[in-house]
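Before any comments, here is the structure.
The values are calculated or read from the model by the stated rules, or taken from the named source; none is laboratory data. The model shown is predicted, which means the values in this text are computed figures rather than measured ones. Quick reminder, even Gly has a Cβ in these numbers, built from the backbone with ideal geometry, and neighbours come from all protein chains shown.
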């Protein structure tokens, strides 16, 4: 699958995708401009059809974009719709989309976007609802997705996108180090930490690595918070960050840092992967989207010594999901034609071919249970259980700001600049102000 794609491009995507969403302040200004417009269409009004013989798709450079390009000729022949592709790097792409949505000129008929942008886009009625299409499409077959993946593209219960990749957290580990020390694959976080401590004490390698940089650590910290029974908000929307569960998650993250490479204190997801693939590090928690880097001999010294498994469990069994979405702008004048192309590209019958063309795996049930595919790419089988316990990042319009606030406080606590109790108290206050409670 992704080994056929360009790992460098994938890596650049993840470097930026796990950052605290570049350009958040500019995005906020644009959202304000969108919301002040009296002509903003409602979700229902925006979902009208329309056809055209030519449409435009706005994509973001990634292996999945390349797979779309390879798959398009067949879909153009099948649908009779010619697709022109334009793209922009991740750092610019979402702002360009917002400018287009604000203009309401129908510049794009299909847009690829990262899931944290779903809430900002959908809350401003910038995306067309897709439930009316999905309900009638046997070719796409929404029932081929488990419920967490069906919910992945929803905002306020309405579907505004399709899954374009499924990238959960996975456990990556060095089989040679595990074998030499007689370690078993951990199924709990306590076992994961114990393995890391054993590896560290052996002198063979550093125990483990995750991302700790303030720009990205909120994603890893949130996974631990969920695992230990906590959450960002309660059922009423109140922020719940100054809690025993949050303290446990933070103390555990500090324990992991103590058995990590020295440079891990400021490591991003890309940096963690580089450490794992070029230095002796026993295990890592990172997204499945790093598969092409980890299995690329040009970037990884240990290709034949790395295996993967589901992440450990804590008090709750939750796996964080990330990945691309793709949808139809509300101002498109050719929504029916855009849907026909998406239905062809991402339909159930084309799923395996799409992966073989280099796309990141989409966690369809028929994909993750395909014996030939999972024999060739064993990690794909893990997308099934990860999706069943999957949970995406919070669908908040303010997620970029919240993520940054959490990240700064977490790093201050990790490095001892502030105590855990004081850090969580400040985090609670700051995030509560951002979310208005």
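Points to keep in mind about this one:
- Hey, residue 358 at pLDDT 95 or above and within 21 Å of the chain's Cα centre (by Cα) or not: no
- Subset of the stretch 124-140 (residues that are without any contact (Cβ under 8 Å) to a residue 60 or more places away in the chain and part of a loop (DSSP other than H, G, I, E, B)): 135, 136, 138
- Residues of the stretch 95-106 classified as within 19 Å of residue 339 (Cα to Cα) and either in a helix (DSSP H, G or I) or under 19 Å from the mean Cα position of the chain (by Cα) (or both), total: 2
- Test: residue in the stretch 85-94 that is at pLDDT 95 or above and within 20 Å of residue 340 (Cβ to Cβ): yes
- Among the helices (runs of 4 or more DSSP H) confined to the stretch 141-203, the ones with at least 2 residues that are crowded, with 23+ Cβ neighbours inside 10 Å are located at 189-202.
- Count - residues of the stretch 352-366 that are farther than 13 Å from residue 143 by Cα and either free of Cβ contacts under 8 Å to residues at least 40 places away in the same chain or surrounded by fewer than 17 Cβ atoms within 10 Å (Cβ to Cβ) (or both): 3
- Scanning the stretch 373-388 for residues that are buried (at least 22 other Cβ atoms within 10 Å of the Cβ) and outside any helix (DSSP H, G or I) yields a total of 0.
- Pairs are defined by a Cβ separation below 7 Å, a sequence spacing of at least 6 or placement on different chains, a first member in the stretch 287-299 that is without any contact (Cβ under 8 Å) to a residue 40 or more places away in the chain and in the same structural domain as residue 273 (by TED's automatic domain parsing), and a second member that is buried (at least 23 other Cβ atoms within 10 Å of the Cβ) and part of a strand (DSSP E or B); no pair meets this definition.
- Qualifying residue in the stretch 322-330 (condition: assigned by TED's automatic domain parsing to the domain that holds residue 141, surrounded by fewer than 22 Cβ atoms within 10 Å (Cβ to Cβ) and over 25 Å from residue 391 (Cα atoms)): no
- Residues of the stretch 262-285 classified as assigned to a helix (DSSP H, G or I) and closer than 24 Å to residue 187 by Cα, total: 7
- Complete set of residues in the stretch 233-258 that are part of a loop (DSSP other than H, G, I, E, B) and surrounded by 21 or more Cβ atoms within 10 Å (Cβ to Cβ): 241
- Condition check for residue 423: more than 19 Å from the chain's Cα centre (by Cα) and assigned to a helix (DSSP H, G or I): yes
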